[in-house]
1. For segment 301-424, what class follows from the C-alpha gyration tensor (a ≥ b ≥ c being the square roots of its eigenvalues): rounded when a/c is under 1.5, otherwise prolate if a/b is larger than b/c, else oblate?
2. Short version: ³J(HN,Hα) in whole Hz for each residue of segment 164-178, in order, from phi by Karplus 6.51 cos²θ - 1.76 cosθ + 1.60 (θ = phi - 60°), x for Gly and Pro, what are they?
3. Order the peptides 49-61, 91-103 from the highest to the lowest mean number of other Cβ atoms within 10 Å of their residues.
4. If you project the alpha carbons of segment 352-474 onto the principal axes, what extent comes out on each, in Å, largest first?
5. How many percent of the accessible area of segment 255-333 is carbon or sulfur, using a 1.4 Å probe?
6. By how many nm would the segment from GLU385 to ALA229 grow when fully extended, if each residue of separation counts as 0.36 nm and the alpha-carbon distance is taken off?
7. Amide H neighbours of ILE507 under 5 Å, counting only residues 5+ apart in sequence or on other chains, H built in-plane at 1.01 Å?
8. I'd like the FRET efficiency for THR435 and ALA60, computed as 1/(1 + (r/R0)^6) with the beta carbon distance as r and R0 of 25 Å, rounded to 0.05.
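The values are calculated or read from the model by the stated rules, or taken from the named source; none is laboratory data. Here the structure is a predicted model, which is why all the values come from computation and not from measurement. With ideal geometry, Cβ positions are generated from the backbone for all residues, glycine too; neighbour counts draw on all protein chains shown. Heavy atoms of the whole protein, side chains included, go into the accessibility calculation; ligands, DNA and RNA do not. Shrake-Rupley method; radii C 1.70, N 1.55, O 1.52, S 1.80 Å.
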Amino acid sequence: EVRIEVRAAGVNFRDVMIALGHVPDPEALIALGVAPMPVMFGIEAAGIVTEVGAEVSDLAPGDRVMGIARDAFAPLVVGERAMLHRLPEDWSFEQGAAMPSAFLTALHGLAYLANLEAGEKVLIHAGAGAVGMAAIGIAHQRGAEVFATASPSKWDALRELGVAEDHIASSRDTEFEEKFLAVTEGKGVDVVLNALTGEFVDASLAVLGGEGRFLEIGKTDIRDRAELAATHPGVTYIPFDLSEAGPERVNEMLRELTDLFERGELRHSPIRSWDMRQAPEAFRHLREGRNGGKVVLSAPRALDPERTVLITGATGGLGQLVARHLAETHRAGRLLLASRSGEEAEGAEELKEELEALGAETRIAACDVSDRGQVEQLLAGIDPEHPLGAVIHCAAVLDDATVQGASPEQVKRVFAPKAGGARHLHELTAGAELTHFVCFSGVAGLLGAPGQGAYAAANRYLDALAQTRAAEGLPATSIAWGLWQRETAMTGGMGRADMARMSRGGIAPLSDERGLALFDRALSSAEPLGAALALDRAGLRAKAKAGALHPLLAGIAPQGKTAASGGQGALGRRLREAPPEARARL
């Protein structure tokens, strides 16, 4: 046995069926001569070995593995050695969790049970799903001619997998029977990989040739073999489940599949990743058939005190505040503080002494994060004994101007450290196993701010980057900060008049204590984007009554009208009054 710290777990449609209580009756399956599948909630995972049994000699704590493991939606799981394989160095944990069930099922069915050979024709239903995409790749690798069905909205995915246009049909109706029989001049196909039910099964059987093999993986419409043999003589009916393959066969297939990937003969299916705390959303997405490829849950992780935390803009007001908080509250053991001034920044030496007194080994480095070369050099200088574990990107520069009045130089000056720096950090840490990637955005990107057009847009870049990283299964948090009481880059150098205007708009200044509490909330949240604000209720009510409240704040102060639904010149009113043909342009 091998104990694994789970970093990612694959989600299968069977998991959704179990969650909904739609598990096939074991006695009914046995009566049909079919082995009932074990009820395991989550069957595939990728992660780090933490412990091995006495009989395991080829794996050790710290090794990266992937494979089949029971009840994989957990922080720790125990798997059987034969059902696991080393995770290739250039694979992410999400790729490792997405591969086993789908590709093992497809390989076991097509290669071992159906013995699919070069030149044969195979019909793969639900071809844009995880097993379908894996099966298409394996069928092509074996030299077979592939026919596939999917909902029309997913046909582009089938085309990208190399399925010919006249070999594609809808999985929403049975017209594929007539279409594919016509394409094959009435001969039909040699193998069907089926996950459909009812009339779709009948149509699929009609597409099979006289000596065809019908692989059934759905197990929600199992046919009586004797009756089927009478109505479709010559057809081999094979309902199967991966669990029937056994540990040794699974081990052989894992090795075979990994070799095929490394030789470039197979490629990974698209992956949509959710934080494990967002499992209901992931299950709903899969249940509603909106997935193309594989759905994966990634496991949240705390800061690792043995790894380095990089803070950019670290000698500024917020950077210093966060550095102290990480050392004192989150027990960060190693801090790399980067800013343009580095050790020459005011108070840098005192900050380093304070952090080290709190137990955090600290290094302050001069680095302009808008310069990719400098970022590369900064990351290369991290001690390999304590590799990068988290990024907190606070760097920012302000140069106020309206959208119409901003010069290209002003836009570049604002975008370079905030958006450009975030992009450099995103790309250059692609191979690092980060627990957190936090961007300090600003509420100006969500609500707008007079005279801060470029700053607002740069913040939205950070928000979008975080959402993109999250969809790829990478750690990501963008915090859209509101106003702080302390003078920081996030406040934009606002004077008292600006502060008063913001309060009248419903946003009050954040104290250090409240801001750090919101920072902790963001770190522990599964959401890639959150707005961290202190609200002025009186200001909200006044704005709402005047019909000038921003729509995003309307739910907080629902009385009165929002700026989008009322007020002179509001977009909502202009859209309502515009003729229909002009609304899209407006």
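1. Since a/c reaches 1.5 and a/b is larger than b/c, the shape of segment 301-424 is classed as prolate.
2. 5, 4, 7, 9, 10, 8, 7, 8, 9, 8, 9, 5, 4, 4, 5
3. Per-residue mean Cβ counts within 10 Å order the peptides as 91-103, 49-61.
4. For segment 352-474, the Cα extents along the three principal axes come out at 50, 35, 28 Å.
5. The value for segment 255-333 is 44 percent carbon and sulfur by accessible area.
6. Additional length available on full extension: 49.7 nm.
7. Correct list: ASP536.
8. 0.65
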